[in-house]
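Colleague: Have a look at this one.
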Amino acid sequence: MSGILDSIIINAGAEYTALDFFTHPATVQGLPVSKFSAPGSDTDTSIVSRDSTTTRAFYSIGSVPSRIPGTRDIKGFFSFLSGLAWSFNLTSPRTYRGNLINYPDDGRRYLGLEDYVGNQLFPLPPQVGRNMEYTYEDYQMYFTLYLGYYEGKNVNFGVGPIYGLAVYRMDIIEKEYRISSVKNQLQELKGVRLLLEYNIGQYFPDTILYNAYLFLEITSLGDLDGKGMNIKNQVTTANGLPAPSLYMNMTTYRMGVRKELQLSKEPHKKEEGPAYPPLQNLPSAGLPQKEETPQSPETPESGSPG
């Protein structure tokens, strides 16, 4: 397994996610209609979700930030490349539930342009307006390119953009009827991530936690231009017309401990010289044969005189 998968990273922690759905304001002859009484609305977007902050347990397979090969020791004009790093993540499906309020309108029918504009400017309060329940589920695959990554002795810090794909499904239920069901849709993921790690293994040098890190990770997914991720749906207005596009932003806060487990033995350092001493007394070894020790001349046997 060495050379293919030498180690595996295990993360244990908690996740806190804020999931917001919103729409861009309706327009009349190209001009946006700003709502005067809708809470949280502005000239750019109108948030239509509530109860969007949840805590979910999930599985994630990924990698710790790694330097781009060949850039660690670059000097000179291209030395900024030594600060780049990358990582990847693959998450298990997560399900979120919540409510959509006054989307795509508050439920009042309109007969003409004046009624439509009046309903947009003065929507009913959420307590008496239109209320729908949604179920959103997705799993994500994305890469992070850390444009700035600092790797110290005990502290690591990185920040950079995210790019990847998500496969999602979304059901919208109104008055116990499913009015929209979208399945297995691909969504482009764009966002930014901030990572901070602290080496707590320095306090446990002789234990299995010798290389454990406490980490804080903040991930915000949505178009970098602020428009959010477009989510397909099949909802219609009170008059049966197509609803405006629904967009989504997802911000995830994760905190926990990561630990690297070694799956293979570390390679031994190559020793200098041959592994075994050469065989002695062999011509093939390039050594002269061992000379025979000269024998002492035999002394004549002494006998009795004849």
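The values are calculated or read from the model by the stated rules, or taken from the named source; none is laboratory data. Only a predicted model underlies this, so the values are computations on that prediction, with no experimental measurement involved. Cβ: placed from backbone, ideal geometry, glycine included. Neighbour counts: every protein chain shown. The area values use the complete protein model at the heavy-atom level, side chains included, leaving out ligands, DNA and RNA. Shrake-Rupley method; radii C 1.70, N 1.55, O 1.52, S 1.80 Å.
Colleague: Apply the Karplus curve 6.51 cos²θ - 1.76 cosθ + 1.60, θ = phi - 60°, to the phi angles in region 239-245 and return the couplings in whole Hz, x for Gly and Pro.
Modeller: 8, x, 8, x, 7, x, 4
Colleague: Here's something else I'd like to know. Going by amide H atoms built from the backbone, whose H comes under 5 Å of the H on Gly98, apart from near neighbours?
Modeller: Correct list: Tyr134.
Colleague: Still on this model: Could you give the radius of gyration (one decimal) and Dmax (whole number) of the Cα atoms in region 11-262, in Å?
Modeller: 22.3, 77
Colleague: Continuing with the same structure: Using 1/(1 + (r/R0)^6) with R0 = 22 angstrom and r between the beta carbons of Ala12 and Glu137, what's the FRET efficiency to the nearest 0.05?
Modeller: After rounding to 0.05, the efficiency reads 0.40.
Colleague: If you don't mind, another one. In what order, largest first, do Ser52, Ser79 sit by accessible area if the probe radius is 1.4 Å? Don't skip to the end; give the middle numbers.
Modeller: Working: Ser52 20, Ser79 50 Å².
These residues rank, largest area first, as Ser79, Ser52.
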